[in-house]
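Let me begin by presenting the structure, written as structure tokens, before commenting on it.
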Amino acid sequence: MCIRDSSRITPIIETSKRLRVTVHIDAEQTYLQPAIDLLAQQYQQKYNKDSVLVFNTIQNYLKSSKARVEAELERCEALELPLALKMVRGAYMKEEKQLAVSKGVETPVFATFEETEKNFHENLTKVLKAMTPKCRVFVGTHNVRTVQHVESIIASSSSFLREGVTFGQINALGDHLTHAQRAKGFNTIRSIPWGQMDVMVPYLLRRAEEGGNKVDSMKLQAALIRNEIIRRMV
């Protein structure tokens, strides 16, 4: 797909440029991703020459994500573009596994949450260490360990890294993380999903699974809310 054929996308990016807000092109299933990457890269070459406007997304539960990170770093260096990546864990694990089984091929995703987390953290380290002052990285996660991992890298790196990294959570799904990061002075965003019920419920469930132990996370948020209520009452 060429930029001139993307009549519905270009106006969004042009409007975002005028309003000075960034555009994040999300990742999807592996059978769609090559086309999405090609489209995102075309827009980045057009709009990211002087500063970051368009982000592309890498899902780190994919075994191929390490090679994709390497390729993205090489591409940006060769084209003299600032790195602009949205780094997420991934949201189509069950579907990807089922599709692989039906085709009799190796699953493209890691087998366990622990393997995925290890790969995610290694890729984040490589990306963050490669950043320059013009680069921007968005870390979308509801996992405490991943947030702590990124914070530790920022703390031991150049000061521009804090400005170049933004954390993101879905509203009401990781509020305790968002508030804690904001209190520490990090850039944070909370998104508010909107859509039909039959689409949004599965979407939110997939995002909840990314955080690891959902029960412990909910217990933590409940405890923090309870403590804040008590604090305000007394």
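The values are calculated or read from the model by the stated rules, or taken from the named source; none is laboratory data. Keep in mind that this is a model prediction, so the values were computed, not measured. Quick reminder, even Gly has a Cβ in these numbers, built from the backbone with ideal geometry, and neighbours come from all protein chains shown. Remember, those area values only see protein heavy atoms, side chains included, never the ligands or the DNA or RNA. Shrake-Rupley method; radii C 1.70, N 1.55, O 1.52, S 1.80 Å.
Things worth noting here:
Each row is one residue, and each column tells you yes or no for (1) over 17 Å from H24 (Cβ atoms); (2) of a type outside the set (S, T, N, Q).
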residue: V139; (1), (2): no, yes
residue: S152; (1), (2): yes, no
residue: G185; (1), (2): yes, yes
residue: T188; (1), (2): no, no
residue: G195; (1), (2): no, yes
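- Pairs meeting the criteria (first residue in region 139-154 and farther than 13 Å from M87 by Cβ and in contact (Cβ under 8 Å) with a residue 24 or more places away in the chain, second residue outside any strand (DSSP E or B) and open to solvent by less than 10 Å² (accessible area, probe 1.4 Å), beta carbons under 6 Å, at least 6 apart or on different chains) are H142/G174; I154/L161.
- Within region 98-132, the set of residues being outside any loop (DSSP other than H, G, I, E, B) and without any contact (Cβ under 8 Å) to a residue 24 or more places away in the chain comprises Q98, A100, V101, S102, K103, E114, E115, K118.
- Selected residue [buried (at least 20 other Cβ atoms within 10 Å of the Cβ), within 27 Å of L204 (Cβ to Cβ) and modelled with pLDDT of 95 or more] from K86, K118: K86
- Whichever residue in region 92-115 is closer than 28 Å to V23 by Cβ and of a type in the set (A, V, I, L, M, F, W, C) and, among such residues, is least open to solvent (accessible area, probe 1.4 Å): V109
- Breaking point among (1) touching a Cys at 6+ places or on another chain (Cβ under 9 Å); (2) within 22 Å of V165 (Cα to Cα), for Q42: (2)
- Q44 meets the conditions (1) in contact with a Ser or Thr (Cβ under 8 Å, 6 or more places away or on another chain); (2) open to solvent by less than 20 Å² (accessible area, probe 1.4 Å) in every case but one. The failed one is (1).
- Any pair with Cβ under 6 angstrom, 6 or more apart, that starts in region 185-207 at a residue that is over 21 Å from T166 (Cα atoms) and ends at one that is open to solvent by less than 70 Å² (accessible area, probe 1.4 Å) and of a type in the set (A, V, I, L, M, F, W, C): R206/A91
- Residues satisfying the stated conditions in region 9-58, i.e. among the aromatic types (F, W, Y) and without any contact (Cβ under 8 Å) to a residue 60 or more places away in the chain: Y43, Y47
Listed here are the residues, each with its yes/no results for (1) closer than 19 Å to L79 by Cβ; (2) not charged (D, E, K, R).
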{"position": "T30", "(1), (2)": "no, yes"}
{"position": "Q33", "(1), (2)": "no, yes"}
{"position": "D37", "(1), (2)": "yes, no"}
{"position": "N48", "(1), (2)": "yes, yes"}
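- Just one of (1) in contact with an Asp or Glu (Cβ under 9 Å, 6 or more places away or on another chain); (2) under 16 Å from P82 (Cβ atoms); (3) open to solvent by less than 80 Å² (accessible area, probe 1.4 Å) fails for K49. It is (3).
- Residue pairs whose Cβ atoms lie under 7 Å apart, separated by 6 or more positions or on different chains, with the first residue in region 79-93 and assigned to a helix (DSSP H, G or I) and the second hydroxyl-bearing (S, T, Y) and open to solvent by less than 20 Å² (accessible area, probe 1.4 Å), are M93/Y61.
- Within region 8-24, tally of residues that are open to solvent by less than 100 Å² (accessible area, probe 1.4 Å), closer than 17 Å to K49 by Cα and assigned to a loop (DSSP other than H, G, I, E, B): 2
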